[in-house]
Amino acid sequence: MTTPIPTPHIEVKDANLIAETVLLPGDPLRAKHIAETFLEDVKQFNTVRNMFGFTGTYNGKEVSVMGSGMGMPSIGIYSYELIKFYGVKKLMRVGSCGAMQPNLNLYDLVFGMSASTNSNYLHQYKLPGTFASCCSFNLLQKAVNLAEKKEVPYHVGNILSSDVFYDDDNESWKKWAKMGVLAVEMEAAALYANAARAGVDAFTILTVSDSLVTHEQTTSKERQTAFTNMMEIALEIA
Ligand code: HPA
């Protein structure tokens, strides 16, 4: 089979320009910042829709970083093309989340062991029930070991991938919180489903950027730069 590259959303003529491991921040400018701050020998591989993608090395290991955009349709498109057409085997979302439990503090790390969702994304598989989107145990285990070693505050558990940021019912999150869900974000469930369907590894590391419980917030400037622990863990397990 000839591989139909470049794909509609990633303009790469040679699949080898993308590493087998791709980090996926939501914001393409954060992808640029990560590449410039943490990687060596960086080459840009994508500019389509300004969804910048870069490949470089971290401690000699080849790794790519690319924006995923916001929401499940967006990460669904990029992760599908990366897996199916560019041979990517490990995909790690790095992003922010809103805490739904009182013991989560701003800047704590959250490892998304599983991702519940209010989205219809998984209906495409026509499963005779409800799929539990979960991460790669291997990546989770490595992340936990590193967080312990670095003595970084972290939480492991179920997260909510929501289709809605501005919810008409501003109390609806409490129902997920009652089920022990740790935090809300907008992408992991689609990433995990695409990875599961293709038999590759996916993982999500989040930093708490705000709390639905206490209404505390970080500023976007802090969010842009204060994620070093998250990035080091993601890059070390890449
Ligand atoms: N909701 C959804 N996604 C988020 C939030 C939130 O409160 N905070 C950071 N990402």
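The values are calculated or read from the model by the stated rules, or taken from the named source; none is laboratory data. None of the values given here were measured: they were computed from a predicted structure. FYI the Cβ positions are ideal-geometry reconstructions off the backbone, even for glycines, and counts take in every protein chain you see. In case anyone asks, the SASA skips ligands and DNA or RNA and just uses the protein heavy atoms, side chains included. Shrake-Rupley method; radii C 1.70, N 1.55, O 1.52, S 1.80 Å.
Compute the signed sum of charges (Lys and Arg +1, Asp and Glu -1) over the other residues within less than 14 Å, Cβ to Cβ, of A177.
Values: positive: K174, K175, K178; negative: D167, D169, E171.
That sum, taken over residues with Cβ under 14 Å, equals 0.
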**Prompt:** Listed highest first by mean packing, meaning other Cβ atoms within 10 Å per residue, what order do 140-150, 25-35, 185-195 come in?
**Reply:** 185-195, 25-35, 140-150
**Request:** Could you tell me what percent of the accessible area of the chain is made up of carbon and sulfur, with a 1.4 Å probe and every protein chain present?
**Result:** 51 percent
**Message:** Between S172 and N59, what is the label-point separation in nm under the 7 Å Cα-to-beta-carbon projection?
**Reply:** 4.2 nm
**Message:** Give me, ordered by chain and number, the residues 5 or more places off E11 or on other chains with an amide H under 5 Å from its own placed amide H.
**Reply:** T47, V48
**Fill in**
Scalar couplings 3J(HN,Hα) for segment 107-113 by Karplus 6.51 cos²θ - 1.76 cosθ + 1.60 (θ = phi - 60°), nearest whole Hz, x for Gly and Pro, are 6, 4, 8, 10, 9, x, 5
**Message:** Give the average over all directions of the projected area of the C-alpha convex hull of segment 15-236, one decimal, in nm².
**Reply:** 11.9 nm²
**Request:** Round to the nearest 10 and give me the degree value, 0 to 90, for the angle of helix 188-198's Cα axis relative to the longest principal axis of the chain.
**Result:** 50 degrees
**Asked** Roughly how many Å² is the accessible area per residue of segment 1-107, as a whole number, for a 1.4 Å probe?
**Response** 46 Å²
**Request:** Would you pull out the residues with amide H under 5 Å of S119's amide H, same chain only if 5 or more places away, H placed 1.01 Å from N?
**Result:** D163
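In square angstrom, what is the accessible area per residue of segment 120-216 with a 1.4 angstrom probe?
Values: 5470 Å² over 97 residues.
Spelled out: the 1.4 Å probe surface of segment 120-216, per residue, equals 56 Å².
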**Item:** Packing-based order for 89-100, 52-63, using average beta carbon neighbours within 10 Å, highest first
**Value:** 89-100, 52-63
**Prompt:** Any idea how far apart H9 and R49 come out in nm if each label point goes 7 Å out from Cα toward Cβ?
**Reply:** 0.5 nm
**Complete:** Helix 137-150 sits off the longest principal axis of the Cα atoms of the chain, rounded to the nearest 10 on a 0 to 90 degree scale, by 70 degrees
